[in-house]
1. For a quick check: sort B:25, A:385 by the number of other beta carbons within 10 angstrom, fewest at the front.
2. Per residue of A:221-234, count partner chain C-beta atoms within 10 Å of its C-beta, then hand back the mean as an integer.
3. Can you grab the distance from the C-alpha centre of segment A:20-88 to the C-alpha centre of segment A:226-278, Å, no decimals?
4. Extent of segment B:10-105 along each principal axis, from alpha carbon coordinates, in Å, largest to smallest?
5. Would you calculate a helix-derived [θ] at 222 nm for chain A, using -39,500 (n - 2.57) for each DSSP H run of n ≥ 4 and dividing by the full residue count, to the nearest 500?
6. What is the mean number of Cβ atoms from other protein chains located within 10 Å of the Cβ atom of each residue in peptide B:59-70, rounded to a whole number?
7. Write down the percent of antiparallel bridges among all DSSP beta bridges whose residues are both part of the protein assembly as shown, to the nearest 5.
8. Starting from 0 in steps of 20 Å, tell me what percent of the Cα-Cα pairs of the protein assembly as shown lands in each bin.
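Please treat every number below as a calculation from the coordinates, not as lab data. Remember, it's a predicted structure, so these values are computed and weren't measured experimentally. Quick reminder, even Gly has a Cβ in these numbers, built from the backbone with ideal geometry, and neighbours come from all protein chains shown.
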């Protein structure tokens, strides 16, 4: 019987376990390891500060998302012994494996930025990238009656690179609804040279920021967050003042990756072939989701699309056959823009987000605000728990990026 | 797309001044590229970063981000900004003749 160990019981680990269990049945012993039992629906964190979602509704049991027959071990990973094909847990347990799937996501590292764990933090400096921060921001925004609100991404990569922009859009809407928008200065501060990494989408998103009166500060690499004086300071000496800062801290991989020599890169992410999702360090280690160092967004949709490829390739590997599934970098994100509307972007390694429709000519509008997209985003929560985590294919949504419906520039057609 | 002449060789560069063919780069070209990029005279610490950037590109196919540079080049981020004001990762990549770092998406 094949032994598959899956590190991480979040989006990637759960859907990989369920897909592999379906493929192998009782022919494989699958164990998922996580340090706690709380599975957080991370896309919902964005809504908590604006009172649009309740924190308690975002959390469910990790083991209950796994199909019967999949083992679950609650424990901290100490390290992976690459030579011996064994995982060591902090409680002394050792798990041997024929295939290891790494799905331990990304970790927030506020301690890496000067001042980000200092005075004023978890108060008028906070983040919506974890549950406590999102709840704290709900209180802070409810009490905010005017002044400078700054949204700052310290550096990339971060989970869901559009979420900080969505926060700006929703803040504009939130304060408009409260009737105090004219008393709030909104500023988006990014280390990038534009609002987003890809030029066509960046232009659209910058247009929305401008229309909503959100100032954009680019190429700002934050060296210090001074909560006491209310200012961000960049490494090149610029300053941005704030009364309330919403900060997205530096991200890194899980800490056991650093304790497992050779497993990860400088930031603790595991290098993997971007198409097969097999790690570059060992043939029997596969990676998916935010834990992977591949050139695509750290987002749940990516993890979902990767899951199909990963499950196939793990199966091929265990059966001694060549890996034949290939991930194209497909990413699909709804971008909330406030006032009951949202945009949708869809792209992959080779194609940047383009206008048009998804998944074909008659579909959801791409790179354009619409009520339909907002409904799509809201509906996604149900699909996440009932279809995506169980490892089912979503109707009309495939791992490969659809080209139909997209308006490609002339140069790309040649 | 346009071309520049560095150390007597004509090289194609993109609209932001990055080499489109890193194989054409030679160390003698770096001082002139640095001047174009608004970086002053290149010292020993600049070269430490430039050589590191070239090696990273050869191994990984993309230049490192500022954060990775600060962790692995032996030059801390604050000093990187003194050496290459207004964006060390981009400026070091440009002077080292490699594409703009893909960075993060």
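1. On the way: B:25 21, A:385 13.
Going from least to most buried by this count: A:385, B:25.
2. On the way: counts 11, 0, 3, 0, 0, 0, 0, 0, 0, 0, 0, 0, 0, 1.
Partner-chain Cβ atoms within 10 Å, mean over residues of A:221-234: 1.
3. So the two Cα centres are separated by 23 Å.
4. Principal-axis extents of segment B:10-105 (Cα, largest first): 34, 30, 20 Å.
5. Working: 8 runs with 95 residues, N = 414.
It lands at -7000 deg cm²/dmol.
6. Numbers: counts 0, 3, 1, 1, 0, 1, 7, 4, 11, 4, 1, 4.
Partner-chain Cβ atoms within 10 Å, mean over residues of B:59-70: 3.
7. Numbers: 40 of 79 bridges.
Counting DSSP beta bridges with both partners in the protein assembly as shown, the antiparallel share is about 50 percent.
8. Histogram of Cα-Cα distances, whole percents per bin: 22, 55, 23, 0.
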